[in-house]
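Structure first, commentary second.
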Amino acid sequence: MGAARNERRLDRKAKKKRTSKIQKQIDANIVKNECGECQACCTLLGVPEIDKAPGTKCANLCDKGCSTYDIRPKSCRDFVCLWTMCMLPLGDRPDKSGVVVDLSHPDSEYGRQILVAREARDGALENIMGILQQLASEGHVILLIKQGEPRRLIGPEHLVKEAWEFIRKKLPTIR
Ligand code: SF4
Ligand code: SF4
């Protein structure tokens with residue numbers, strides 16, 4: 001009993017250690033970028049709670065952004081855009097770069113946090129591949145979702161293997 005409790009405690013400690021890197025980086029960025037005219041995520045991503053399919057403009061979008069912001073679905077609330085968190089260059093706002101990068105499932109059972117880079121325009125991933133490679137070399141695992149191509153993971157080799165296992169078991173469909 002004591003050993004099992006100790007194991008759980010160590011597991012929680014390990015998870016905390018593993019998640020802390022990117023969270024610390026995000027938390028350290030006190031200034032956040034404003035979306036401005038960008039509405040990329042509200043078109044590119046699916047929102048199951050309101051039957052919004054990926055790649056379709058959300059019916060709740062208006063000129064000023066989300067018309068139902070205060071009561072937006074959990075998927076939208078959980079969405080963490082890396083550009084607004086100042087972790088991508090200012091000029092790479094998703095509507096300009098053609099790529100939305102977000103932090104997937106920050107509170108999942110999986111200890112790590114996977115970055116997901118989704119291409120909104122054909123070939124756009126190439127626009128920010130330099131910064132994505134840099135993030136990967138800093139120890140982050142990034143899922144690349146390119147139109148019409150198999151998904152690809154980049155990052156440290158041992159983490160990539162582990163991340164595939166997690167994706168296979170827990171995230172058969174990433175919205
Ligand atoms: S993709 Fe990022 S910058 Fe663009 S609207 Fe969504 S949260 Fe804002
Ligand atoms: S509900 Fe609001 S935040 Fe969510 S996708 Fe639609 S417009 Fe965007």
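The values are calculated or read from the model by the stated rules, or taken from the named source; none is laboratory data. The structure presented is a predicted model; accordingly, all values stated were derived computationally and were not measured. When we count neighbours, we look across all protein chains shown, and the Cβ atoms used for this are built from the backbone with ideal geometry, even at glycine.
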For the stretch 48-77, pairs from a residue that is within 18 Å of Ser104 (Cβ to Cβ) and more than 10 Å from ligand 2 (Cβ to nearest atom) to a residue that is hydrophobic (A, V, I, L, M, F, W, C) and outside any helix (DSSP H, G or I), with Cβ under 7 Å and 6 or more apart or across chains, are Pro54/Leu45
Within the stretch 151-160, the count of residues that are surrounded by 12 or more Cβ atoms within 10 Å (Cβ to Cβ) and either charged (D, E, K, R) or in contact (Cβ under 8 Å) with a residue 40 or more places away in the chain (or both) comes to 3
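Quick one: how many residues across the stretch 114-126 are crowded, with 16+ Cβ neighbours inside 10 Å and closer than 16 Å to Pro89 by Cβ? Give the steps one after another, and end with the answer.
To start, the set of residues in the stretch 114-126 that are crowded, with 16+ Cβ neighbours inside 10 Å comprises 114-120, 124-125.
So of that shortlist, the ones also closer than 16 Å to Pro89 by Cβ come out as 115, 117, 124-125.
Qualifying residue count for the region: 4.
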So how many residues does the stretch 147-165 have that are modelled with pLDDT of 80 or more and in contact with a strand residue (DSSP E or B) (Cβ under 8 Å, 6 or more places away or on another chain)?
8
Residue check: is Leu82 away from ligand 1 (no atom under 13 Å from the Cβ) and surrounded by 20 or more Cβ atoms within 10 Å (Cβ to Cβ)?
no
Give just the number: which of (1) crowded, with 18+ Cβ neighbours inside 10 Å; (2) farther than 28 Å from Val31 by Cβ; (3) more than 16 Å from ligand 1 (Cβ to nearest atom) does Gly148 not satisfy?
(1)
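I'd like to verify a number: residues in the stretch 38-66 that are over 19 Å from Arg118 (Cα atoms) and within 14 Å of ligand 1 (Cβ to nearest atom), how many? Even if it seems obvious, please write down each step before you answer.
Initially, the stretch 38-66 is screened for residues over 19 Å from Arg118 (Cα atoms), giving 49-51, 59-66.
Keeping just the survivors that are within 14 Å of ligand 1 (Cβ to nearest atom) gives 60-66.
Of the residues in the stretch 38-66, 7 are over 19 Å from Arg118 (Cα atoms) and within 14 Å of ligand 1 (Cβ to nearest atom).
Any idea which residue in the stretch 67-79 is nearest to the chain's Cα centre (by Cα), counting only those that are within 30 Å of Ala136 (Cβ to Cβ) and more than 11 Å from ligand 1 (Cβ to nearest atom)? Don't jump to the end; show me each part of the working.
Kept after step one, since they are within 30 Å of Ala136 (Cβ to Cβ), are these residues of the stretch 67-79: 74-79.
From what's left, more than 11 Å from ligand 1 (Cβ to nearest atom): 74-75, 77-78.
Details: Lys74: 15, Ser75: 12, Arg77: 13, Asp78: 10 Å.
Here the answer is Asp78.
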